[in-house]
Amino acid sequence: MDMNGGQALVKTLECEGADVVFGLPGGAILPVYDPIIESPIRHILVRHEQGAGHMAEGYAHATGRPGVMMITSGPGATNAVTALCDAYMDSVPVVCITGQVPYAAIGTDAFQECDTTGITLSVTKHNFLVTEAQDIPRIVHEAFHIATTGRPGPVLVDIPKDIVDPRNPRSAMTWYEPTDDLMELPGYRPATVGDPELVQAAAELICAAERPVIYAGGGILKARAAAELIALAELIDVPVVTTLMARGCFPDSHELCLGMPGMHGNYTAVTAMQSSDLLIALGARFDDRVTGRLDGFAPDAKVIHVDIDAAELGKVRTPDVAIRGDCKLVIGDLVEAVRACGGRGTQADRQQWRSQISGWQERYPLVYEQSEPGELLKPQYVLEVLRDSTPEDTIVTSGVGQHQMWASQYWRFDHPYTWINSGGLGTMGFSVPAAIGAKVGMPDRMVWAVDGDGCFQMTAQELVTASTERIPIKVALFNNAYLGMVRQWQEMFYEERYSEVYLSHEVPDYVKWAEAMGCVAMRVEAPEEVAPAIAKANEIDDRPVVLEFRSAAEENVYPMVPAGQSNSDIVVDPSQR
Amino acid sequence: MSSPAVSDAVQFHTIVTTVENKPGVLARVAGLFARRGFNIESLAVAPTADERFSRITFTVDVASAPLDQVVKQLDKLINVVEISELSPTESVERELMLVTVAVDSGERRHELLELIDDFRAYVLDADQSQMMLSLAARPNRLDEFEERLRAFGIVQLQRTGRVALRLLGL
């Protein structure tokens, strides 16, 4: 069938199962926006290309399917760079289609030309510049394949205007079904199965360990291995810490769950890792926010490291057993290998370890003091009420900073794929667009965006997208009038010399702003108003809602491992010292 | 053949990659080195016998631990098909030098011709006052030749960067 490249691109997206595209048209991508009109694909018109990127990420996190974004050349592409880098750091499968100036004009400094593939080289898993219309189905298929297999990540496909413009003869092509056998990727061989000998060696280490901890990372979620993780943890009766990227992969309510480790992890999770004699790292990458000062991290622990990406094995901490493979398969094999060793009965005696852990849990729970009448709200309190007044499978997104840490600490994540945040890149402004993407992907689920006032001001315009596209997300906006985490660091490490962190409680007026964007908005200032406001927000399902919680500026996130210090020097809440 | 000697005090590693012969692939590979802060000491790129692929030979000066990380990162590049590290003891390395040397007297010319003979270099061009030479040899042999030529006065010099193949039977 004869087609033009633009039609072929849209049809290929349909073949790849893309039901939603987040995007914003412009000159170079214009020809592709014409066949979009006839396509069953839902296009969500964003207000800024960064928003399209975070929406695609939110969609991918929530559904497990690749998020698709489509934007124009030049500034369209550069605006998306932050989101692409975010997806790269957090291994989120995203396919980004960018328009490009006509092939013959590339390199001439044409209007809205930029070297998109050059700029995005280091923030994508791979990128393509398509030069012939005939290649479009194959290359777009390759892009989806690369984005979703192995360690997932963003893939960008840059498409010159002439090969998609029906008025240009270079756009002529003959349609063919994009299939795996047409792919030309001789250098791409994602790992799957782990080496059985190494699995056996890992099983032996596990059985002999007296103080083991499972260190579960975001790779568990990417591998869709939550069920396998529960099976392994229960079989070997070993406590599990879930990193910021892994929250929800193991139920917080499970008796073996220790919660989040790291810089703002809880005391027990941090200290159990520090004191362990075996870390079973599954799909985790020993991020500096988890390890603290590296030479002081878990000094007595042997390490089993399972990851699909060989470059993670030994990158930070030299493992005793390194298994390259898909977490779902390797954990399944580990379960079998431990069973073959005799299973639970043959494990080392861990009674003392268990009582040590429960001692820490009793002594150092997460704490905060409720506000006195007339004082501003405590964010921790608001999050507890929000958690207890929403369905268990509510999807929570977050920006970056104090509110993010409190959300991760105080929420109870009992289901995988209910927590969506920017972990690796730490992108302020992630929350609102990510929530929109998640809600589009999972329309029957309640989606709450937890956000700070600094973050909100970076991407709030996407609430216009949410209103006009009828995507009823809910925003819990913590307005403490500060760039709170930076303020906390200045208080703790810069002798309270506050520099450029004050934002104001009053300007902008968040309620008016949200209303202007088509949202229902409420300001909440007292503890007794919190639950009723949330109840009201939960009833609204035809438009976005913004609840502005006026929060205490001086509240700090604890525990905290100061940057560059050992996890053994964890600073607990002042009331626990 | 004499066993190849390690030519320098610093530890050089030769990495040979087979890559897809496509635009931009060299930039991806070289960019990865740059982002990790590695200086590429020498670089040679050309298509292989199969024109769909090119071979890129790098020499880098690095400690072995970060090198392992770079090799793994290189392997992640979609366009990199194969990657291997070649040690001097298990491979042959060759490099080509083109050099123009000043020769200001008949006596000097005679000395230079002896040197050319010793090193098995070739004379490509000559006039009253200069000679252009070529030498393809082990990189340390080129270093020695270059050193000896300094006495005559080097007018122009260009080296290609080394290429390497694994020795037979290894």
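Within the set of pairs 6 or more residues apart or between chains, which connect a residue that is among the small types (Gly, Ala, Ser) inside region A:498-516 to a residue that is modelled with pLDDT of 95 or more with Cβ atoms less than 6 Å apart?
Note: pairs meeting the criteria are A:SER504/A:ALA481; A:ALA514/A:ALA521; A:ALA514/A:VAL546.
How many of the residues in region A:342-386 are buried (at least 17 other Cβ atoms within 10 Å of the Cβ), touching a Pro at 6+ places or on another chain (Cβ under 9 Å) and under 13 Å from A:ALA552 (Cβ atoms)?
Final tally of qualifying residues: 5.
Residue by residue through region A:124-135, note down the ones that are within 11 Å of chain B (Cβ to nearest Cβ) and either in contact with a Leu (Cβ under 9 Å, 6 or more places away or on another chain) or crowded, with 19+ Cβ neighbours inside 10 Å (or both).
Once the filter is applied, which keeps residues that are within 11 Å of chain B (Cβ to nearest Cβ) and either in contact with a Leu (Cβ under 9 Å, 6 or more places away or on another chain) or crowded, with 19+ Cβ neighbours inside 10 Å (or both), region A:124-135 yields A:THR124, A:LYS125, A:HIS126, A:ASN127, A:PHE128, A:LEU129.
Any idea which residue in region A:157-197 is farthest from A:LEU129 (Cα to Cα), counting only those that are β-branched (Val, Ile, Thr) and outside any loop (DSSP other than H, G, I, E, B)?
Per the stated criteria, the residue is A:THR174.
Conditions tested, residue by residue: (1) farther than 22 Å from B:VAL81 by Cβ; (2) surrounded by fewer than 17 Cβ atoms within 10 Å (Cβ to Cβ); (3) within 13 Å of another protein chain (Cβ to nearest Cβ).
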residue: A:SER122; (1), (2), (3): no, yes, yes
residue: A:ALA143; (1), (2), (3): no, no, yes
residue: A:ILE159; (1), (2), (3): yes, no, no
residue: A:ILE163; (1), (2), (3): yes, no, no
residue: A:ASP180; (1), (2), (3): no, yes, no
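Tally the residues that are under 21 Å from the mean Cα position of the chain (by Cα), surrounded by fewer than 24 Cβ atoms within 10 Å (Cβ to Cβ) and under 22 Å from A:VAL524 (Cβ atoms), restricting the search to region A:461-482.
1
Output the residues belonging to region A:68-96 that are under 24 Å from A:ILE163 (Cα atoms) and surrounded by 24 or more Cβ atoms within 10 Å (Cβ to Cβ).
Selection gives A:VAL68, A:MET69, A:MET70, A:ILE71, A:THR72, A:SER73, A:GLY76, A:ALA77, A:ALA80, A:VAL94, A:VAL95, A:CYS96.
Kindly indicate whether B:ASN79 is over 16 Å from B:PHE152 (Cα atoms) and either of a type in the set (Val, Ile, Thr) or more than 12 Å from every other protein chain (Cβ to nearest Cβ) (or both).
no
Consider region B:53-74. How many of its residues are at pLDDT 95 or above and either outside any strand (DSSP E or B) or within 11 Å of another protein chain (Cβ to nearest Cβ) (or both)?
1
Given the options B:LEU133, B:LEU142, B:LEU113, name the one that is buried (at least 16 other Cβ atoms within 10 Å of the Cβ) and assigned to a helix (DSSP H, G or I).
B:LEU142
Considering region A:22-57 alone, what residues qualify as being crowded, with 24+ Cβ neighbours inside 10 Å and of a type in the set (A, V, I, L, M, F, W, C)?
Residues satisfying the conditions are A:PHE22, A:ALA28, A:ILE29, A:VAL32, A:ILE44, A:VAL46, A:ALA52, A:MET55, A:ALA56.
Answer yes or no: is there a residue in region B:147-162 that is out of contact with any Leu (no Cβ under 7 Å at 6 or more places or on another chain), at pLDDT 95 or above and within 27 Å of B:ARG55 (Cα to Cα).
Scanning region B:147-162 turns up at least one residue that is out of contact with any Leu (no Cβ under 7 Å at 6 or more places or on another chain), at pLDDT 95 or above and within 27 Å of B:ARG55 (Cα to Cα).
Output the residues belonging to region B:146-170 that are free of Cβ contacts under 8 Å to residues at least 60 places away in the same chain and assigned to a loop (DSSP other than H, G, I, E, B).
B:ARG150, B:ALA151, B:PHE152, B:GLY153, B:LEU168, B:GLY169
Would you check if A:SER371 is assigned by TED's automatic domain parsing to the domain that holds A:LEU205, in contact with a helix residue (DSSP H, G or I) (Cβ under 9 Å, 6 or more places away or on another chain) and either part of a loop (DSSP other than H, G, I, E, B) or within 25 Å of A:ASP573 (Cα to Cα) (or both)?
In short, no.
If the requirement is being buried (at least 24 other Cβ atoms within 10 Å of the Cβ) and within 14 Å of chain B (Cβ to nearest Cβ), which of these qualifies: A:ASP326, A:ASP307?
Just a single option satisfies the conditions, and that option is A:ASP307.
Which condition number in (1) aliphatic (A, V, I, L, M); (2) buried (at least 19 other Cβ atoms within 10 Å of the Cβ); (3) part of a strand (DSSP E or B); (4) more than 14 Å from every other protein chain (Cβ to nearest Cβ) is the one that B:LEU124 fails?
Of (1) aliphatic (A, V, I, L, M); (2) buried (at least 19 other Cβ atoms within 10 Å of the Cβ); (3) part of a strand (DSSP E or B); (4) more than 14 Å from every other protein chain (Cβ to nearest Cβ), only one is false for B:LEU124: (2).
Can you tell me which of A:ASP388, A:ASP300 is over 30 Å from A:TYR188 (Cβ atoms), acidic (Asp, Glu) and touching a residue at least 12 places away in the same chain (Cβ under 8 Å)?
Answer to the check: A:ASP300.
If a residue must be in contact (Cβ under 8 Å) with a residue 60 or more places away in the chain, surrounded by fewer than 24 Cβ atoms within 10 Å (Cβ to Cβ) and under 28 Å from A:HIS254 (Cα atoms), how many such residues does region A:422-444 contain?
Total satisfying the criteria: 2.
Working only within region A:214-227, note down all residues that are within 21 Å of A:ILE357 (Cα to Cα) and assigned to a loop (DSSP other than H, G, I, E, B).
Listed by number, the list holds a single entry, A:GLY217.
Does B:ARG94 satisfy the condition of being away from chain A (no Cβ under 14 Å) and outside any helix (DSSP H, G or I)?
For B:ARG94, the condition - away from chain A (no Cβ under 14 Å) and outside any helix (DSSP H, G or I) - is met.
Of these, A:ARG167, A:ARG189, which one is surrounded by fewer than 21 Cβ atoms within 10 Å (Cβ to Cβ), under 30 Å from A:THR78 (Cβ atoms) and of a type in the set (D, E, K, R)?
On inspection, the qualifying residue turns out to be A:ARG167.
Taking the residues in region B:14-43 that are hydroxyl-bearing (Ser, Thr, Tyr) and more than 11 Å from chain A (Cβ to nearest Cβ) as candidates, determine which candidate is surrounded by the most Cβ atoms within 10 Å (Cβ to Cβ).
Applying the filter and picking the extreme gives B:THR14.
The values are calculated or read from the model by the stated rules, or taken from the named source; none is laboratory data. Predicted, not measured: the structure shown is a model, and the values here were computed from it. Using ideal geometry, Cβ is built from the backbone for each residue, glycine included, and neighbour counts are taken over all protein chains shown.
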